[in-house]
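Okay, structure first, notes after.
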Amino acid sequence: MLTQLISMVSLNHSASTKSKHSLFGASKVAADVMVQEYGRYFGLKTCCLRGGCLTGPNHTGVELHGFLSYLVKCNLENRTYNVFGYKGKQVRDNIHSYDVALH
């Protein structure tokens, strides 16, 4: 499924890394550069998947980590779900662990 999705999306590889970053953002840029250099050094095709929220069948949802499974848990238990993040928005992408590991 992920492979099909990626083949449908046109990726822009010309984005600059020279803008301002948070410490967290800088660590993501560093990971991207490390993967690119590793591939260049060893002659490998590389890809850096930076999913912000991996989920799957064994994911234990707790309040500050794994918000998708925690949201379902709150719903099933009729509990209040608190939104954390930028201006009260849950800013996270989700990808199933099978889509990362098997493709």
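Length available on full extension from T46 to L71: 0.36 nm per residue minus the Cα-Cα distance, which gives 5.6 nm.
Under 5 Å between amide hydrogens, built in the peptide plane, is the criterion, and for H96 it picks out T55 among residues at least 5 positions away or on other chains.
Report, ordered by chain and residue number, the aspartates and glutamates lying within cross-link reach of K45, taken as a straight Cα distance under 18 Å and ignoring same-chain residues fewer than 8 apart. The reachable aspartates and glutamates, counting only those whose Cα sits under 18 Å from K45, are D32, E37.
Values in this text are rule-based calculations from the coordinates and carry no lab data. A quick note: this is a predicted structure, and the numbers were derived from the prediction, not measured.
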